[in-house]
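Input: a single structure, listed below in structure tokens.
Derivation of every value follows stated rules applied to the coordinates shown; laboratory data play no part. Not measured: the values here are computed from a predicted model.
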């Protein structure tokens, strides 16, 4: 297990910069907006440095999931001194690509990546903003494995525990900064 530790003071500053919006995007949904956190340069930088300290020496690259995962993955990769792999929605990358189809609550989707951006045996930290049901993360793990990499960790800013994403990713190292 990874056991990500966010110091209490930083955890409070992060939580204070996540805005709760009831009934968005539909009734009975509580949306957690991370844009105030990203807009707060000091808190955002402290978060990225803390994550980098935790993963330093444990990963060889960072994979950001489209699209908000890119916001966290890019500065984290820079802070770690490693490259960033972009995992995109179908049709957004020019070939060659590898892809994985996965189920959503109502339908399906496809994620893709350039296989040449992942080196054989490379330990990859997958980064996204939210872990809900785990479908997108699982698809990204499959893509990384297809390309020859090892999905070493998943780090999300927010885990929505009631939706069961962590259980769907059993066997993988999953870290969440905030859990609701």
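If you run the Gaussian network model on the chain, springs between alpha carbon atoms under 10 Å, then out of 31, 72, 116 the most flexible one is 31. When a/c is below 1.5 the answer is rounded, else prolate if a/b is larger than b/c, else oblate, so apply that to the chain with a ≥ b ≥ c taken from the square roots of the Cα gyration tensor eigenvalues. In terms of gyration-tensor shape, oblate.
For the pair residue 170 and residue 24, the difference between a 0.36 nm per residue extended length and the Cα-Cα distance amounts to 49.6 nm. Have a look at 120, 66, 42 and tell me which one the Gaussian network model of the chain (Cα, springs below 10 Å) gives the largest fluctuation. Among 120, 66, 42, the largest mean-square fluctuation in the Gaussian network model of the chain belongs to 42. Averaging the Cα positions of each part gives two centres, and for the stretch 87-165 and the stretch 39-64 these lie 19 Å apart.
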